[in-house]
Amino acid sequence: MPTALPVVGWCGRVGYDSESAGEVVLIDIDHILERNRGWAERQIRADPDLFRLLAKGQQPEMLWIGCSDSRVSPNLIMDLPPGDVFVHRNVANLVVPSDPSLLSVLQFAVEVLGVRRVVVCGHYGCAGVAAFLKGDPGGPAGDWLDNLHPVMRAYRSDLAGLNGDHLAQRLSELSVVDQVRKVAATAIVRDAWDAGADLEIHGLVYRIDNGRLRPLCRRTAGGALVLDSGRRQ
Ligand SMILES: [Zn+2]
């Protein structure tokens, strides 16, 4: 039986693993390589054909647009194997229509891979949202997070009277709805729908404190954006 490796982290930030009796070490590249070797061997034991099939190509049915947060790894939290999710991540899971990186990913996902689901996933406890609410952090991060200003303006009445964690949580939810709307408005998605593609866009929010995803809204071809409450917008 392989011995479980201790939980490790960068920069002295360490975790706890009951199997290793709380042993913690600062991660280095040798540990990464060792863990990778163990992971690859476990995958082959579980499915001897996995890597051979993956090497032939990818056919993911989903594009995930999520936050860069280290605690919100899409394949892990959806319990899906390699090859099932095409991924784009950035700070605060923002869809900026002028962002060539996101548009390239969206174009490849929709036009080449033919994904049938686009998921925009936000999460509570987002450092990007918190930094925005605290005030402009400056630099590239400040410029990037300025993209939350239109969300604040668009949902001013929904956010009125909220502060602290309640404001951050509600802004995270409403931002997801806004980003879903922006994905639906791209020429890439509109052209796909015009061509008859069976493409749905879903907005989700993730709770880091219990590991659960919750649906917020969805948008289908030719339809209005439908909130999870059933309300149409
Ligand atoms: Zn985040």
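Rounded to the nearest percent, how much of the accessible area of the chain (1.4 Å probe, protein heavy atoms only) is carbon and sulfur? Please list the in-between numbers first.
Numbers: 7100 of 13450 Å².
Roughly 53 percent, rounded to a whole number.
Is the shape of the chain rounded, prolate or oblate, going by the alpha carbon gyration tensor and its root eigenvalues a ≥ b ≥ c, with a/c under 1.5 for rounded and a/b larger than b/c for prolate?
Values: a/c = 2.11, a/b = 1.28, b/c = 1.64.
Note, shape of the chain comes out oblate.
Students sometimes get this wrong: rank W193, W64, W39, W144 by accessible area, probe 1.4 Å, all chains present, largest first.
Values: W193 35, W64 0, W39 95, W144 60 Å².
The residues order as W39, W144, W193, W64, largest area first.
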Of all DSSP beta bridges located in the chain, what percent are antiparallel, nearest 5? 35 percent
Values of log10 I(q)/I(0), in the order q = 0.14, 0.19, 0.21, 0.24 Å⁻¹, for region 49-155 under a Debye, Cα-only, solvent-free model: -0.63, -1.01, -1.15, -1.34
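The values are calculated or read from the model by the stated rules, or taken from the named source; none is laboratory data. In this text, all values refer to a predicted model and were calculated from it rather than measured experimentally. Keep in mind that these areas ignore ligands, DNA and RNA; they rest on the heavy atoms of the full protein, side chains included. Shrake-Rupley method; radii C 1.70, N 1.55, O 1.52, S 1.80 Å.
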